Amino acid sequence: MNLSVQLGGLTLKNPVMPASGCFGFGQEFSQFYDLNTLGAIVIKAATGEARFGNPTPRVAETSSGMLNAIGLQNPGVDQIIKQELPFLEQFDTPVIANVAGSSEEEYVIVAEKLSKASTVKALELNISCPNVKEGGIQFGTDPELAYQLTNKVKNVSSKPLFVKLSPNVTNIVSMAKAVEEAGADGLSMINTLTGMKIDLKTRKPLIANETGGLSGPAIKPIAIRMIHQVRQVSNIPIIGMGGITTSEDVLEFYWQGPTQ
Amino acid sequence: MLRRPISIADYDKQINQLTIIYKVFGEGTDWLARQLPGGQINVLGPLGNGFDLSGIQGQTVIVIGGGVGVPPLYNLVKQLNSQFNDVTAILGYQSKVSIFYEKEFKDLTQTYIATDDGTYGYDGLVTDVIRELRFSYDHYFSCGPTGMLKAVQHQLSDIDGYISIEERMGCGVGACFACVCQADNDKGYVKICQDGPVFHAKEVTL
């Protein structure tokens, strides 16, 4: 059975790929299965400089899901290109690099550097991380800012550009339309929903960052609904994500029109 | 439900048996406690790096455990014994009712028990016992709550020591960066699940 899909100029063997941040830079999971079997590999977000991330605890289990507030910990774009990407060259699987930052300039620099790396076949613009104080989320909640940023990043990169949308908005459709008009080749939907868990012993938020991003099966219906809404107004490819754990989940997203 | 990180208390290669000791604390451990003999559970492991005992032979060693940090020290003491070390174990618990494996440890080596509320053994903390014993040791190994590890790290800063750290974990294999700890190395951090959970006491900042 031919499962290959076209994704903004890329041809993938199949539509299955890990979501950024869940998969590090690929090395860890390569011990468990052959990464050649994936449709694409989406690596952890890169920022201009190294980031240590948030204090711990950074994760907490919730009903049918979990909260995380890692805080975009990463060694910085230069180290990622030098130390992490070479390992991924051995696989016949396109690498999609996730681009983050706390200012427009930082996003542009990171995107430009990553788009020049031969291993990177496409970029995913992370305008939706809820766990960092500066940057990220404001670009993901204001259609005008999202338009500008997408446009600027598109201008410095010749690789396909996917924009990862935040569900923490009142109108997902206007966000999707804005980045599509700015030249996005596709959308990634959805990032995590901002949540909180209280530790009953301390009576305080369990996660050190207080809030965290909710992921897992709990958010799947929201992802499906948002993709459905956006699909009505947009024809660019959508990489669907949010609580996919079984083949039935994959099909549910698949029949909704996205490509993951 | 997410996987739970649980340390290995003991193993027997001849009968393919692994022993874990856990406290029923939340949903995950409650589920585990309800499993029946003969049933199957899905396990990913062993993960990370345990205590490195190469070269530790014929020496004096102190092993310090606190509460749910006690289990991995059980097999450790067995191994230290097999390498002809003189081992002293100091185990701290909240209260008399929370004590476990006292006899098992005493069968292996000289063991002191301390309780926070003084209902059994020494009335106080493991660090109080260490201070009163006033022995000199070549090495120490410790596992327990972060507060205890910090106190031990400080108290025994002159001794070569290894500590096993606890943290909430996501993936368990080093991909998600949930369980990092500041460290004195090139990167400035370690991933507890993958690089540890056992570290040289001087390497990590708790």
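Values quoted throughout were computed directly from the atomic coordinates according to the rules given, and no laboratory measurement underlies them. All figures in this text were calculated on a predicted structure; none of them were measured in a lab. Note that we place each Cβ from the backbone using ideal geometry, even for glycine, and neighbour counts take in every protein chain shown.
Things to note:
- Taking chymotrypsin sites (Phe, Trp or Tyr not before Pro) as exposed when their DSSP state is a loop state and no more than 12 other Cβ atoms lie within 10 Å, the longest site-free interval of chain A runs over A:34-254.
- Cα centre as origin, Lys/Arg/Asp/Glu Cβ charges: region A:21-127 dipole, Debye: 80 debye
- DSSP-loop GluC sites (Glu not before Pro) across region A:38-144, with at most 12 other Cβ within 10 angstrom: A:Glu89, A:Glu134
- Distance in nm between pseudo-label sites at B:Leu206 and A:Asn2 (7 Å out along the Cβ direction from Cα): 6.0 nm
- Three-way shape label, region A:1-45, alpha-carbon gyration tensor, a/c 1.5: oblate
- Packing-based order for A:154-161, A:219-226, using average beta carbon neighbours within 10 Å, highest first: A:219-226, A:154-161
- Most fluctuating residue given options B:Gly26, B:Gly144, B:Gly66, as computed from a GNM of chain B linking Cα atoms under 10 Å: B:Gly26
- Here A:Asp142, B:Asp186 are placed in order of increasing Cβ neighbour count within 10 Å, fewest first, which gives B:Asp186, A:Asp142.
- Taking only the Cα atoms of chain A, the radius of gyration and Dmax are 17.1, 54 Å.
- Per-residue shielding of A:53-65, expressed as the average number of other chain Cβ atoms within 10 Å of the residue Cβ, stands at 4.
- Most mobile of B:Phe84, B:Phe51, B:Phe100 in a GNM of chain B (Cα contacts under 10 Å): B:Phe84
- A simple spin-label model places pseudo-atoms 7 Å from Cα toward Cβ; at B:Ser98 and B:Leu133 they are separated by 2.0 nm.
- DSSP-defined antiparallel bridges as percent of all bridges, the protein assembly as shown, nearest 5: 40 percent
- Options B:Phe141, A:Thr211, A:Pro75, ranked by Cα towards positive dipole end of the protein assembly as shown, top entry (Cβ charges): A:Thr211
- Note on A:68-75: average number of Cβ atoms from other chains within 10 Å of each residue's Cβ is 3.
- In chain B, the calculated helix contribution to ellipticity at 222 nm averages -6000 deg cm²/dmol per residue, counting -39,500 (n - 2.57) for every DSSP H run with n ≥ 4.
- Span from the region B:87-109 Cα centroid across to the region B:10-24 one, whole angstrom: 18 Å
- Estimated translational diffusion coefficient (Stokes-Einstein, Kirkwood radius over Cα pairs, 25 °C, 0.890 mPa s) of the protein assembly as shown: 101 µm² per second.
- Within region A:20-118, percent of DSSP bridges classed antiparallel, to nearest 5: 60 percent
- Listed residues B:Asn49, B:Asn16, B:Asn185, most fluctuating in chain B (Gaussian network, C-alpha, under 10 Å): B:Asn16
- Neighbourhood net charge (13 Å Cβ-Cβ; Lys/Arg +1, Asp/Glu -1) for B:Asp116: -2
- Cα gyration tensor shape for chain B, rounded if a/c is under 1.5, else prolate or oblate: rounded
- Number of partner chain Cβ atoms within 10 Å, mean per residue of A:27-39: 2
- Separation of region A:1-77 and region B:27-85, taken as the distance between their Cα centroids, equals 31 angstrom.
- Least to most buried among B:Arg131, B:Arg4, A:Arg203 (fewest other Cβ within 10 Å first): A:Arg203, B:Arg131, B:Arg4
- Subset of B:Lys106/B:Lys191; A:Lys13/B:Lys13; A:Lys152/B:Lys191; A:Lys197/B:Lys150; A:Lys197/B:Lys78; A:Lys121/A:Lys197 violating a 32 Å alpha-carbon distance limit: B:Lys106/B:Lys191; A:Lys13/B:Lys13; A:Lys152/B:Lys191; A:Lys197/B:Lys78; A:Lys121/A:Lys197
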